[in-house]
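The values are calculated or read from the model by the stated rules, or taken from the named source; none is laboratory data. Here the structure is a predicted model, which is why all the values come from computation and not from measurement. Glycine gets a Cβ as well: all are built from the backbone with ideal geometry, and neighbour counts include every protein chain shown. Surface areas here come from the heavy atoms of the whole protein model, side chains and all, with no ligands, DNA or RNA. Shrake-Rupley method; radii C 1.70, N 1.55, O 1.52, S 1.80 Å.
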Amino acid sequence: EIIILAASAFIGLPSFYIVNPSELAVVTMICRPVKIILNPIQDSNSEALTDRLRKKYEAEGITVSTGAGLRVKIPYIQKAEKLERRLLRWNGYPEQIPTKDKKYIWGDSTARWYIEDPLQFLRSVSTEERAHAQLDDIIDATTRNSITSRDLLEIVRTEDRQMQVAEEELQETIQVGKVKEG
C-alpha cells in the first residue's frame, strides 16, 4: 500500500499546476510550446486579444485558453512557465544629462509595462530581468536624446501649459520600444 501511495504521489503531484488570476502561462513539451493560458485584463479588448492570439498560434498547433485555476499537464515531460499578468514597473537610474544649451539637469525615468503575448515574450526576451535590461537601453537612451535635443527653458516649465512634443518624435519613441514579432 505504501509503495502504491508513494508511486501515485510521484506520478500524480507533478501532473497538476495552478495558474493564479494574476498570471499567464506557457506549457512546453520538450522545449516546444503546446499551450498558452491567458488571464487578460477584463476590458473591451480582452476577447479580441484572445481571438487574435488563438488565430496566431493555432497554425503552430498551440492551444490558447483563458482562466485561472488548477490545470493538468503530463508529468516530467511538460513544463509550465508562469509569467506576471499585472502591470510591471521599470525604474531608470537618476543621472545628470546635458541639455542642448549645455546645462546639466537630473533625469529620472519610470515606465509601466505588461505582457500581452506570453509566448512572444518568452521567445524574444525570455525573462523579466532581460526585459528590464532591454528597457534600460531603450528608455534611458530615448530620455537622454529627448533632453539633449532641447534647451533647458523648453524642458523646465514655469507655467501650466502642455509640453510640445513633435508627433514624429513620439511615434519614433513608441516604435523603438516595440518588440518585433517574428
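At-a-glance table
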| read-out | value |
| --- | --- |
| Residue within segment 81-93 that is surrounded by 11 or more Cβ atoms within 10 Å (Cβ to Cβ) and in contact with a Lys or Arg (Cβ under 9 Å, 6 or more places away or on another chain) present | yes |
| Counted residues, segment 72-94 - those being touching a Phe, Trp or Tyr at 6+ places or on another chain (Cβ under 7 Å), free of Cβ contacts under 8 Å to residues at least 60 places away in the same chain and either assigned to a strand (DSSP E or B) or over 30 Å from Thr28 (Cα atoms) (or both) | 4 |
| Selection within segment 52-71 - in a loop (DSSP other than H, G, I, E, B), of a type in the set (A, V, I, L, M) and open to solvent by 30 Å² or more (accessible area, probe 1.4 Å) | Ala59, Ala68 |
| Number of the condition not met by Asn45 [criteria: (1) open to solvent by 90 Å² or more (accessible area, probe 1.4 Å); (2) at pLDDT 90 or above; (3) under 19 Å from Pro21 (Cα atoms)] | (2) |
| Members of segment 29-51 found to be under 19 Å from the mean Cα position of the chain (by Cα) and either under 21 Å from Val125 (Cα atoms) or in a loop (DSSP other than H, G, I, E, B) (or both), listed by number | Pro33, Lys35, Ile36, Ile37, Leu38, Asn39, Pro40, Ile41, Gln42, Asp43, Asn45, Leu49 |
| Check on Asp108, of a type in the set (D, E, K, R), open to solvent by less than 70 Å² (accessible area, probe 1.4 Å) and under 30 Å from Ala141 (Cβ atoms) | no |
| Helices (runs of 4 or more DSSP H) wholly inside segment 120-178 that include at least 3 residues being at pLDDT below 80 | 167-177 |
| Residues within segment 21-42 that are open to solvent by 70 Å² or more (accessible area, probe 1.4 Å) and either under 12 Å from Glu81 (Cβ atoms) or not aliphatic (A, V, I, L, M) (or both), tallied | 4 |
